[in-house]
1. Using the crude model of +1 on Lys and Arg Cβ and -1 on Asp and Glu Cβ, and no other charge, please compute the dipole size for segment 153-284 relative to its Cα centre, in debye to 20.
2. Taking the Cα centre of the chain as the origin, how large is its charge dipole in debye, to the nearest 20, when only Lys and Arg (+1) and Asp and Glu (-1) carry charge on their Cβ atoms?
3. Need one number: nm distance between label points at LEU151 and ALA285, each 7 Å from Cα along Cα→Cβ, rounded to one decimal.
4. Would you please name the chymotrypsin sites (Phe, Trp or Tyr not before Pro) within segment 160-203 that are DSSP coil residues with at most 14 other C-beta atoms within 10 Å of their C-beta?
5. Relative to the present Cα-Cα distance, how much length would full extension add between LEU173 and LEU71 at 0.36 nm per residue of separation?
6. So if each residue of separation counts as 0.36 nm, and I subtract the Cα-Cα distance between LEU90 and ILE31, what length gain in nm does that give?
7. Which whole-angstrom value gives the distance between the alpha carbon centres of segment 232-268 and segment 182-213?
8. Out of the trypsin sites (Lys or Arg not before Pro) in segment 75-131, which ones are loop residues according to DSSP with at most 14 other C-beta atoms within 10 Å?
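Nothing in this text is a laboratory measurement; each read-out follows from the coordinates by a stated rule. Here the structure is a predicted model, which means the values were calculated and not measured. Glycine gets a Cβ as well: all are built from the backbone with ideal geometry, and neighbour counts include every protein chain shown.
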Amino acid sequence: MTFQRFLLRRALMVIPLMIGVVFITFMLVRIGGLDPVGRLAGPTATQAEFDSIRNNLGLDQPLWKQFSIYLGNVVRGDLGESWLSNRSVLTDIKERAVISLELLFWGVGIGALVGVPVGLRAAFRPNGRFDQFTRVLSLFGFSIPTYWLALVMIFVFFYLLGWSPPAIGRMSLLVTPPDMITGSYLIDGVLTARWDAARSAASQLILPVICLAIVSAAPIIKQTRAIAIEVLSSDTVRYAHACGLPERNVRKLVLRNSAVPILTYIGTEVTGLVGTMSLIEYVFAWGGLGQYGLNAIISGDFTAVQGYVLVLAVFSVLVFIVIDFVVYLIEPRSELS
């Protein structure tokens, strides 16, 4: 199968998947029990004002008609207007997407750089001291609540030790943000030679990145260890040992045969961490897409929730397409299906 045919098949799969995501999200936010009309009208509103707001929002229409109108708007690139911010949902998402991607890139990147080598080393010496230590460490990362970890790190490193700045966003209030180029204060500070802004942005990144790295590294360690142990017990590796290959060559063989499933798992981990990251963003007042979606859910902003979930679905699809492409580069003989 050619790679062009693979891309075509993935594109054809995306269309019904996106329609399904839009439909499920549309129905869930409407049967969730949150009514934005009461929040918008206020406690002193009359029944006529309630009816007027409901009519303006289109909530007096049957569900099937509301969905058809919303689906048509999505196809045109219109995700609606936030009922609380009175701004376009697409504009809000564009402004916050880079902010979350920056945190996700550093957190998952560091988590993978730590988790994969640690998991491989534990697999090469199973049941040893290092293996037992990493299993306890990964269990700790699995078990600890994300928001609690973030709060403890703020308490220890900011309040007790004074090593980190306060959790008040992406930059100190005493520093003027650099000119907007990419949306990342760290990168924009470097590109514009605003070293004070770059230092402030880097210092604000440390704690949330460490939190996300811990949360991401724990499952990566566990899964890498399990994959490598399975490869070590395969006929290929046993044959390599029987042929008397040096241990270094055997480990390279294990790494190569483990690369595809490890990479696939990391892609799955990236899509799953987007939801977890919303708690970290909320605690650190990060202002990214995760915090935006969480605030929308809490406030009952249906339009913003629908746009947020739709963007996450599109992001997940893109991640898996990229992973499939990288797998094809690593192992061209693999069947793209």
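1. That gives segment 153-284 a dipole magnitude of about 440 debye.
2. 1180
3. 1.7
4. When the chymotrypsin sites (Phe, Trp or Tyr not before Pro) of segment 160-203 are filtered for loop state and at most 14 Cβ neighbours within 10 Å, TRP163 remain.
5. 32.6 nm
6. 18.9 nm
7. So the separation of the two Cα centres works out to 38 Å.
8. ARG76, ARG87
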